[in-house]
Amino acid sequence: MDRNTPVVQLKGVGEKTQKLFEKLEIWTVGELLAHYPKDYEVFEEPVKISRAIPGELCAVCAAVTGIPNEKKVRNLSILNVDLSDDTGSMQLTFYNMSFLKKVLKKGGFYVFRGVVQTRGARRLMEQPRYFTPEDYYKKTGYLIPRYSLTKGLTNQAVQKAVRQALDSCSFENECYEESFLARYELLPEKAALEAVHFPADDAAFQAARRRLAFDEFFSFLFLMKRNKAFSEKLPSHYQMMETADTVRFLEQLPFPLTGAQKKVWNEIREDLGSPYCMNRLIQGDVGSGKTILALLALLMTAANGYQGALMAPTEVLAAQHYETVSEYVKKYGLVFRPVLLVGSMKAAEKREAYARIASGEANLVIGTHALIQDKVEYHSLALVVTDEQHRFGVRQREKLAGKGIQPHICVMSATPIPRTLAIILYGDLHISVVDELPADRLPIKNCVVNTSYRPSAYRFIAAEASKGRQIYVICPQVEEGELEELENVVDYTEKLRSSLPPELRIAYLHGKMRAADKNRIMEEFAAHAIDVLVSTTVIEVGINVPNATVMMVENAERFGLAQLHQLRGRVGRGNHQSYCIFVSTQEKKETMERLQILNKSNDGFFIASQDLKLRGPGELMGVRQSGAFSFRTGDIYTDAGLLGQALEAVEELLKEDPGLEKPKHALLRKRLSDSASNSVDFRTI
């Protein structure tokens, strides 16, 4: 069998299992092999209770000495279990697991595995996993892959299918030459796939990850560099002049532009007035005032008689932008005639919007990806301002060009990528940096704490909510069972409901929810119908709530510093003092020092540069980094050196054989062609 063989042809995969795989977008053997583990479980040797290190995941083998009475707190049942061995004692706490009263026998020996906490001199574990000693020792010493699953599909079933696919698949010849593999210290592809799914040890995993990350970077950079749209200056059909509209708008604003904003606005004006299409990235830290620059560019476009489009990452944020612009029109008499276009609008509303756009009556279109659908016909689209999360790439630009349009492009990015990386990743885009915050912006107050601080944090959250403020709580995973040492959104919401005052309105949000439900929750939070929102990193972009003043991040050590800074940007948007609490379950010196960088600085570019220095190459973070470039295995911070090597390899290849026409590059040409058709998502401008 080859990579295109349907997954149902694997032994043990029937129609029922096939349908479950299809829910994970796995139809073929090749797609199954590309379904990499999200993490690996390592069952370490159990330790004595006295040697269990607070803040770390570990296993203890001890005897159950007592099970006190179960307590009920509203909808939550709390069961405590006492353990001891010859070195000390420990208390376990289980939530909604009443059946354990019958499973765990007093005097019986079990292995309990979880994150160790302390309360005074006492050691504790919350919701640990439990095993018989015999079952536990069978698992020790291995890196066991753990996959993203869907209901009805077990981790073991995926492991078996992957094992069979690796054993049965006839891999085509390697697409790189042997000398190329040796030069960049890359494993052959088959060896990399074997080692990423079933690594013998950490060194084998790191070598596999290096090869797979290199492939991603190489494909991305090759496609970007070869595309003429990146390297040629495109003549502008929409050369603009500055009018009095932008000058009046700036005079009427209740705040002056910062020096950095003035500099970038001058660069935008020059771009729009030049004979060539603007192709600019505007990087600016959270709160640096990029949105007002976007509105100025769109206002100059409208004042010149053309149309502009503003693409937002979520419907909620698109609606907020639309409301802001509509208010500015009333307040300052701007020439905008805005229209909102999002996927959830009714058919009649969409038809009306399409008509206004096609006729030119609407000179500013605000929305999501709905803006570039086939049904949308523009009258004179001259400028597209887009958020990095849209990954507005080659395909999307071709779609607009196919309608006879070649607009100016402006990408707004709050991801603080160091300039050296930005030049590689964004190709030939001109880069502007808004590196100054408005003078009236209150700095966020930060603290880095361990889990013993939680009761104090809950009291602080309740106090802020009593003042009418709102709170975000971030957890790294959606539900129990993904990684037992991490907090999850669903259970944590229940925990908060039992710990905070009953009158507080608490809800959760995560990426696995239906789009309509996600929008509803974000709208309710924006309208202050929710006081505390427990969420995964799905809120990293896409919602603006000036009334939110507290963010609490659980398992903060599992995130990159740059991503934590992005998350922190959800608060500090209003006039009230804002706070960010980073809770670490690890108390290792290097972990706490790393997080202290966030405590000391609110400068995203400084934080990103420190992140680059402190995170070792190939570090297994456990929580996938997100942001502008969602590579599946590579990480632009962790793998900055590898990214540079991939760029070097691409540039040499393009010099030698730009069309990949030589016979020795036939397999590579096929691989890159497949990458171009299947992996457009991460190809930013």
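Here are some notes:
- Rg(Cα)/(2.2 N^0.38 Å) for region 104-223, N = residue count: 1.51
- Taking a point 7 Å out from the Cα of residue 666 in the direction of its Cβ, the residues of region 166-193 whose backbone N falls within less than 18 Å of it are 171-178.
- Cleavage-rule hits (trypsin sites (Lys or Arg not before Pro)) in region 276-374: DSSP loop, at most 13 neighbouring Cβ within 10 angstrom: 346
- Annotation: amide H-H contacts under 5 Å for residue 585 (H modelled 1.01 Å from N, sequence separation of 5 or more, or interchain): 555, 556, 557.
- Label-point gap, in nm, between residue 168 and residue 430 - each point 7 angstrom along Cα→Cβ: 5.6 nm
- Under-5 Å amide H pairs with residue 474, H placed in peptide plane, nonlocal only: 535, 552, 553, 554
- Local electrostatic count, residue 548, Cβ distance below 9 Å [Lys/Arg +1, Asp/Glu -1]: +3
- Largest-first ellipsoid semi-axes for region 44-139, taking √(5λ) over the Cα gyration tensor eigenvalues, angstrom: 20, 16, 12
- Between residue 505 and 531, 532, the built amide H atoms are under 5 Å apart, and every one of these is 5 or more places off in sequence or on another chain.
- Longest to shortest principal axis, alpha-carbon extents of region 445-614, angstrom: 41, 39, 32
- Phi-derived couplings, Karplus 6.51 cos²θ - 1.76 cosθ + 1.60 at θ = phi - 60°, listed residue by residue for region 45-52: 4, x, 10, 5, 4, 5, 9, 6 Hz, with x used for Gly and Pro.
- Straight-line reach from residue 512: taking Cα to Cα under 17 Å and skipping same-chain neighbours fewer than 8 places apart, the lysines in range are 23, 38, 151.
- Convex hull projection area averaged over all views, the chain, Cα basis, nm²: 31.9 nm²
- The residue 154 and residue 80 beta-carbon pair, evaluated with R₀ = 25 Å, returns a calculated FRET efficiency of approximately 0.25.
- Region 170-248: trypsin sites (Lys or Arg not before Pro) falling in loop per DSSP and having at most 13 other Cβ within 10 Å: 233
- Normalised by the number of residues in the chain, the mean separation of alpha-carbon contacts (under 8 Å, six or more apart) gives a relative contact order of 14 percent.
- Virtual spin-label span in nm between residue 380 and residue 183, 7 Å along Cα→Cβ: 5.1 nm
- The value given for region 237-288 is a Kirkwood hydrodynamic radius of 12.6 Å, derived from the mean inverse Cα-Cα separation.
- Across region 234-434, Cα-Cα distances exceeding 29 Å account for 17% of all pairs.
- Structural descriptor for region 445-614: relative contact order 29 percent, calculated from alpha carbon pairs under 8 angstrom and at least 6 residues apart.
- If you plug the beta carbon distance of residue 242 and residue 330 into 1/(1 + (r/R0)^6) with R0 = 30 Å, you get a FRET efficiency near 0.80.
- Rounded to whole Å, the principal axis extents of the Cα atoms in region 535-590 read 36, 22, 17, largest first.
No lab work stands behind these numbers, since they all come straight from the coordinates. None of these values were measured; they are calculated from a predicted model. We place every Cβ from the backbone using ideal geometry, glycine too, and count neighbours over all the protein chains shown.
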